[in-house]
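Heads up, the thing below is written out as structure tokens.
The values are calculated or read from the model by the stated rules, or taken from the named source; none is laboratory data. What you see is a predicted model, and the numbers here were worked out from it, not measured in a lab. Neighbour counts run over all protein chains shown; Cβ positions are idealised from the backbone, glycine included.
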Amino acid sequence: MKRKLLMVGRMRYSLPLSSSLEEKFEALSNELDIRVLASVGEHRGSDPRFQLVRNVRPRVLDDSVSSMPRALATARAFTSVTVSLRIA
């Protein structure tokens, strides 16, 4: 069984991925079961490794705190481990 990796970030991805990004994620996928939670770019294709979301406006709300509930839900769905977060 492969180890799991959930990547959460603000990078904007367009699907299908560019050839360089496809090589990167294919190499990661060969070793790990990966999921990516990030922002959607201009093109909206499909890739089961990616969950892409629109940016929130106003920009002040478009930060890691506003994406925490979605990240936690994705982590819970992706793993069998209970995931919790405490923001101090």
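General remarks:
- Lone unmet requirement of (1) surrounded by 11 or more Cβ atoms within 10 Å (Cβ to Cβ); (2) more than 20 Å from Y13 (Cα to Cα); (3) of a type outside the set (D, E); (4) at pLDDT 60 or above for I34: (2)
- Residue in segment 9-17 that is at pLDDT below 85 and not polar (S, T, N, Q) present: yes
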